[in-house]
Structures are given as C-alpha cells and as structure tokens.
Amino acid sequence: MKAQVFRGVNQLSYEEIPVPTLEPDEVLVQVRVVGLCQSDIKKIRYPLYEPPRIFGHETAGTIASVGSGVKNWQVGQRVAVMHHIPCMHCAYCLNENYSMCDVYKNISTTAGFNASGGGFAEYVKVPGHIVQNGGLIPIPDDISFEEASFVEPTNCCLKAVKKAQIAPGQTVLVTGAGPIGLMFVMLVKYFGARAIATDLLPSRIEKALNVGAEAAFDARDPDLPAKIHAITDGLGVDVTLLAVPSDKAFFQALDCTRKGGKILFFAEFPDEVSIPINPNILYRREIDLMGSYSSSYRLQNLSADIVFNRRINVEALISDRYPLQDLSQAVDRAIAPTPETYKILIYP
C-alpha cells in the first residue's frame with residue numbers, strides 16, 4: 001500500500017509499504033478520508049518524535065478485514081476511527097482525565113512503524129483494545145466519509161466547551177477563526193451561548209459571522225476590549241477559548257473576560273514560550289485558567305450525534321482537498337493559508 005512516512009523533521013516520504021497484518025482481535029480499515037490536524041503539522045515540522053512514523057488520526061473509512069476473533073464488525077462497514085481509547089480503571093480515568101491515561105497515550109491505530117495514528121496511508125490497523133472498547137463508530141448511510149472524519153475533532157472541541165461549563169445565555173470569546181475556532185463558534189451557538197470571534201484575516205472574520213458568531217472583530221483592534229464590554233453590558237465575556245497559541249491573545253483575554261470568568265487554553269504553545277502574569281489578577285478577579293487537551297471518552301457518543309445529525313455544519317469548514325501523495329503541499333498550505341483556507345482533507 002501507499003503511505004506518507006515521516007522520515008525526519010519536514011521529511012515526508014511517499015512510499016510503498018506492507019499492508020498491516022492482523023492479530024485475531026484487530027481490524028483493518030481502508031482509509032477513505034483523513035483530516036489534516038494542527039497536531040499532525042507540529043509532529044511533522046518539529047523534532048517531537050523519532051522517525052519513522054505514519055501520522056494522521058481524523059480517519060474515516062471502510063472495514064477491509066477483521067481478525068478471526070472479532071465479533072460484531074464486518075467487512076464493508078463504514079466507520080469513523082478513534083485513535084485512542086483510555087483504560088477506564090487507572091487513577092486518571094477514574095477522575096475522567098482520560099487523555100492523561102498511559103493506555104490512551106501509548107496504544108494507537110497504526111499503518112506501520114511506531115503506532116502514531118496511521119491515517120496518512122491507504123490502510124490503518126485498529127488494535128484490539130480500541131476495537132473492543134468503542135473506538136470504531138458506525139457511519140450512518142446518509143453521512144459522507146468527509147463528515148464522519150470530523151467526529152474526533154468535534155470531540156476535542158466539545159471537551160473544551162464542557163470543561164469551561166459553557167451554558168445557555170453566556171457570552172464566549174473565541175480567539176482565532178481557523179477551522180477549530182469556527183467549530184467552537186458553531187458549538188457555542190448550539191449550546192445556547194453567544195459567540196464573539198477574533199482573527200487577523202478579514203475573510204475569517206466574515207466566515208465566523210456566517211457560521212453563527214454574533215460579532216467578529218480584527219484581533220489587532222486596540223478598541224477590542226471596549227467593544228467586548230459594550231456588547232456584554234460592561235461585564236466582559238463569561239468564557240474565553242484561546243484557539244491560537246498567542247501570548248497577545250491571552251492578555252487580550254484577560255482584558256475581555258469578566259470577573260469570575262474562565263480562560264481556557266486549547267491551542268498548544270511552543271515550549272519556549274512563557275507568559276508572565278501577576279497572580280493577583282487571578283486572585284482579585286477570580287479568573288479561572290484551564291487547559292483542554294485531546295478528546296474525552298465520555299463525549300464520544302455526543303460528538304457522533306452532533307456530527308451525524310448535522311447539529312453543526314462541519315461541511316462548511318472544508319476548504320481544501322488533497323490526494324495522499326500531495327500531503328507535503330497540504331502541510332505547506334496549512335502553514336501559509338490563503339484567506340479562504342480552513343479545514344484540509346486528505347484522500348489516500
């Protein structure tokens with residue numbers, strides 16, 4: 001089969017490699033479409049992982065083969081694939097910190113080499129632990145593979161929305177109106193809150209309004225805090241979701257978030273970045289700082305329901321489609337987006 005193999009920093013090699021062989025409890029999925037995620041891009045561009053590996057984890061496809069011990073799954077079924085499933089009995093899982101679980105982190109779907117998602121290949125193997133514990137999600141007949149590939153990123157965003165306890169009637173600032181920021185806007189609106197978005201690109205500001213933001217502004221506007229306070233009767237927003245790794249966006253969030261509000265870090269910052277802050281700001285204003293990383297097992301069914309019942313319009317986020325052999329060009333496009341670049345999908 002063909003695969004894009006990570007051979008080193010910024011080195012993707014389109015190669016012929018063996019189709020993964022199955023153990024009795026494993027399933028092989030033919031990849032129909034896989035989303036290009038910012039986390040994939042970081043793994044390709046920075047020395048975070050030893051090569052060789054095959055990345056890609058927002059995967060939807062068709063079951064091509066099942067191990068001799070697999071029950072309840074048949075060849076030909078259309079599935080969305082979750083690349084991590086927690087153990088459900090460690091200290092992290094018992095506290096619902098599923099993404100901190102060692103099993104969650106270390107067992108993954110694979111197309112070969114060190115297991116790393118494996119979606120950037122024609123076939124991906126799903127380990128028995130994932131098969132047996134809900135990592136394959138049947139795709140309804142009326143849902144496209146493209147739509148189904150959004151189940152995993154929807155879960156990640158939904159986890160952040162739930163962690164921040166966003167509720168009907170609240171106002172939420174979303175910093176960054178890329179594909180993740182736009183999904184946040186959709187989810188905030190779906191859960192009955194008002195979304196305000198910021199970005200640097202006029203086209204993304206307009207797109208945020210089109211997908212449901214009540215207001216959207218240029219992030220460089222020096223009057224942004226005053227405009228946010230005017231919209232919120234002088235209080236500020238209840239929650240800010242930081243969807244860009246920017247210290248400027250964080251300090252802007254402090255200016256725009258009300259006393260007793262929450263600021264949630266969703267984007268991963270470079271390790272060398274540090275943000276100095278006077279702790280009295282948090283103490284006196286009772287601002288909660290929190291982070292949200294990856295997906296939540298508890299939200300898997302709700303994420304599938306939101307996508308499969310089209311409660312948000314994930315198709316509105318798709319801007320670019322590339323064949324697998326052009327993955328390097330897709331990464332370049334994501335790094336240097338055009339004004340109309342949002343979600344990029346890859347087709348093996």
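Taking the stretch 149-204 as the search range and keeping residues that are aromatic (Phe, Trp, Tyr) and in a loop (DSSP other than H, G, I, E, B), which one is farthest from residue 340 (Cα to Cα)? Ranking the qualifying residues of the stretch 149-204, first place goes to 191. Residue 346 satisfies every condition listed in (1) crowded, with 20+ Cβ neighbours inside 10 Å; (2) within 27 Å of residue 239 (Cβ to Cβ) except (2).
Restricting to the stretch 215-242, and then to whatever is part of a helix (DSSP H, G or I) and small (Gly, Ala, Ser), can you tell me which residue is nearest to residue 289 (Cα to Cα)? By that ranking, first place goes to 226.
Of the candidates 34, 124, the single residue that is crowded, with 21+ Cβ neighbours inside 10 Å, in contact with a helix residue (DSSP H, G or I) (Cβ under 9 Å, 6 or more places away or on another chain), in contact (Cβ under 8 Å) with a residue 40 or more places away in the chain and closer than 22 Å to residue 318 by Cβ is 34. The single residue among 76, 119 that is in a loop (DSSP other than H, G, I, E, B), open to solvent by less than 70 Å² (accessible area, probe 1.4 Å), within 20 Å of residue 331 (Cβ to Cβ) and not β-branched (Val, Ile, Thr) turns out to be 119. Go through the stretch 100-111 and give me each residue that's out of contact with any strand residue (DSSP E or B) (no Cβ under 7 Å at 6 or more places or on another chain) and either modelled with pLDDT under 95 or buried (at least 18 other Cβ atoms within 10 Å of the Cβ) (or both). 101, 103, 104, 107, 108 - these are the residues of the stretch 100-111 that are out of contact with any strand residue (DSSP E or B) (no Cβ under 7 Å at 6 or more places or on another chain) and either modelled with pLDDT under 95 or buried (at least 18 other Cβ atoms within 10 Å of the Cβ) (or both). Say whether the condition of being touching a residue at least 40 places away in the same chain (Cβ under 8 Å), touching a Ser or Thr at 6+ places or on another chain (Cβ under 7 Å) and charged (D, E, K, R) is met by at least one residue in the stretch 82-97. The answer is no; no qualifying residue exists. If residue 298 satisfies every condition in (1) at negative phi; (2) open to solvent by less than 80 Å² (accessible area, probe 1.4 Å); (3) touching a residue at least 40 places away in the same chain (Cβ under 8 Å) but one, which is the exception? For residue 298, the exception is condition (2).
Can you confirm whether residue 268 is of a type in the set (Asp, Glu), open to solvent by 20 Å² or more (accessible area, probe 1.4 Å) and under 22 Å from residue 186 (Cα atoms)? Yes: the conditions hold for residue 268.
The values are calculated or read from the model by the stated rules, or taken from the named source; none is laboratory data. What you are looking at is a predicted structure, and each value in this text was computed from that prediction instead of being measured. Quick reminder, even Gly has a Cβ in these numbers, built from the backbone with ideal geometry, and neighbours come from all protein chains shown. Ligands, DNA and RNA are stripped out before the accessible areas are found, and what is left, the full protein with its side chains, is counted by its heavy atoms. Shrake-Rupley method; radii C 1.70, N 1.55, O 1.52, S 1.80 Å.
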